[in-house]
Amino acid sequence: LDRFCDAMQCIHAEMIGVESSQYHPTDNTLKQAPHTAVFVTKSDWPHAYTREAAAFPLPWVQEAKYWPPVSRIDNVHGDRHLICTCVSVEEAAAG
């Protein structure tokens, strides 16, 4: 629960940074998240923020980072319209 609260406070601070023009409105860690391992380790880094800020937004993340396999897909559309490719409940029950 503490880590969740820390993450929410970090996100809020980044939002304030965008509002105050400290961070670019479209090129910031929030807009580009999640950052995959491939994305962070590319030799070309065109962003205003650092790779460290992208990969490890909070100190405890360095200890146990979960690297998402893909970045955002279709932004909000992909987030709101999930597609399940699992077998149906009946097929799973039949074994």
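The values are calculated or read from the model by the stated rules, or taken from the named source; none is laboratory data. The structure displayed is predicted, hence computed values, not measured ones. FYI the Cβ positions are ideal-geometry reconstructions off the backbone, even for glycines, and counts take in every protein chain you see.
Numerical summary
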{"quantity": "The one condition in (1) at positive phi; (2) touching a residue at least 40 places away in the same chain (Cβ under 8 Å) that ALA7 fails to fulfil", "calculated": "(1)"}
{"quantity": "Residues being within 16 Å of LEU58 (Cα to Cα) and within 13 Å of the chain's Cα centre (by Cα) - total across region 15-35", "calculated": "6"}
{"quantity": "When residues of region 1-50 are limited to those that are touching a Leu at 6+ places or on another chain (Cβ under 7 Å) and acidic (Asp, Glu), the one farthest from TYR66 (Cα to Cα)", "calculated": "GLU14"}
{"quantity": "Close pairs (6 angstrom Cβ cut-off, 6 or more residues apart or separate chains): over 16 Å from GLU52 (Cα atoms) in region 20-35, surrounded by 14 or more Cβ atoms within 10 Å (Cβ to Cβ) anywhere", "calculated": "PRO25/VAL18"}
{"quantity": "Residue list for region 1-37, filter: of a type in the set (Phe, Trp, Tyr) and not in a helix (DSSP H, G or I)", "calculated": "TYR23"}
{"quantity": "Single residue of VAL40, VAL61 found to be surrounded by 14 or more Cβ atoms within 10 Å (Cβ to Cβ), at pLDDT below 80 and in a helix (DSSP H, G or I)", "calculated": "VAL61"}
{"quantity": "Condition check for ARG51: surrounded by 11 or more Cβ atoms within 10 Å (Cβ to Cβ) and in contact (Cβ under 8 Å) with a residue 40 or more places away in the chain", "calculated": "no"}
